[in-house]
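S.K.: First the structure, then my questions, so here it is.
The values are calculated or read from the model by the stated rules, or taken from the named source; none is laboratory data. These numbers come from a predicted model, not from an experiment. Neighbour counts are summed over all protein chains in view; Cβ atoms, including those assigned to glycine, are modelled from backbone coordinates with ideal geometry. Ligands, DNA and RNA are excluded from the accessible area calculation, which covers all protein heavy atoms including side chains. Shrake-Rupley method; radii C 1.70, N 1.55, O 1.52, S 1.80 Å.
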Amino acid sequence: MMHIDGSRITLPAFAAAIETAVPLEICAKTRERVAAAHAFVDVVAAGPEPVYGLNTGLGARLDQRIPPEDIGAFQSQIIQGRAVACGDPLPEETGRGVLLSRIVTAALGCSGMSGGIFDNPERYTATR
């Protein structure tokens, strides 16, 4: 079990986690940091100031404001619109490494992501 608490992990621990698919445990303090950052993003997104890619469109649509009730769907659409690839799938260990690095970074509590991402690990289990 690897405990994710917002601190750095060593390269050997990282390598061991991706080689053997170590279960992760997100500590309560980390969940609190992530929730606080997400609450801040919610306030900013609903506020009067435009924030590129959060409550405005992207690229040529940056002057288009996204209504507060549509921001969640817009953010999902951004991810889905970029979730395409070509070529052979990456090796499973590479995928685990990418996800683990994002989880460790998100645990710092600076991303504004929803803490709910940590609540359903089965949803993110790699399958073949």
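S.K.: Out of curiosity, is Ser101 among the hydroxyl-bearing types (Ser, Thr, Tyr) and either at pLDDT 90 or above or surrounded by 13 or more Cβ atoms within 10 Å (Cβ to Cβ) (or both)?
M.R.: On the way: among the hydroxyl-bearing types (Ser, Thr, Tyr): yes; either at pLDDT 90 or above or surrounded by 13 or more Cβ atoms within 10 Å (Cβ to Cβ) (or both): yes.
Considered against the rule, which asks whether it is among the hydroxyl-bearing types (Ser, Thr, Tyr) and either at pLDDT 90 or above or surrounded by 13 or more Cβ atoms within 10 Å (Cβ to Cβ) (or both), Ser101 comes out as yes.
S.K.: So if I check each of Arg33, Arg102, Arg82, Arg96, which one is farther than 30 Å from Met1 by Cβ and among the charged types (D, E, K, R)? Give the steps one after another, and end with the answer.
M.R.: Working: Arg33 fails: farther than 30 Å from Met1 by Cβ; Arg102 fails: farther than 30 Å from Met1 by Cβ; Arg96 fails: farther than 30 Å from Met1 by Cβ.
It is Arg82.
S.K.: Something else now. Let me spell it out: the conditions are (1) part of a loop (DSSP other than H, G, I, E, B); (2) open to solvent by 80 Å² or more (accessible area, probe 1.4 Å); (3) touching a residue at least 24 places away in the same chain (Cβ under 8 Å), and Leu90 meets all of them except one. Which number is the exception?
M.R.: (3)
S.K.: What tally of residues in region 54-86 results from selecting those that are open to solvent by less than 70 Å² (accessible area, probe 1.4 Å), part of a loop (DSSP other than H, G, I, E, B) and at pLDDT below 90?
M.R.: Counting residues in region 54-86 that are open to solvent by less than 70 Å² (accessible area, probe 1.4 Å), part of a loop (DSSP other than H, G, I, E, B) and at pLDDT below 90 gives 1.
S.K.: Tell me yes or no: at least one residue of region 10-18 is part of a loop (DSSP other than H, G, I, E, B) and more than 15 Å from the chain's Cα centre (by Cα). Don't jump to the end; show me each part of the working.
M.R.: Step one: of region 10-18, the residues part of a loop (DSSP other than H, G, I, E, B) are 10.
Pick out the ones that are also more than 15 Å from the chain's Cα centre (by Cα) and you get 10.
For region 10-18, residues part of a loop (DSSP other than H, G, I, E, B) and more than 15 Å from the chain's Cα centre (by Cα): present.
S.K.: Among the candidates Ala73, Ala60, Ala37, Ala28, which residue alone is out of contact with any Asp or Glu (no Cβ under 9 Å at 6 or more places or on another chain), small (Gly, Ala, Ser) and farther than 25 Å from Thr105 by Cβ?
M.R.: Of the residues listed, the single one that is out of contact with any Asp or Glu (no Cβ under 9 Å at 6 or more places or on another chain), small (Gly, Ala, Ser) and farther than 25 Å from Thr105 by Cβ is Ala60.
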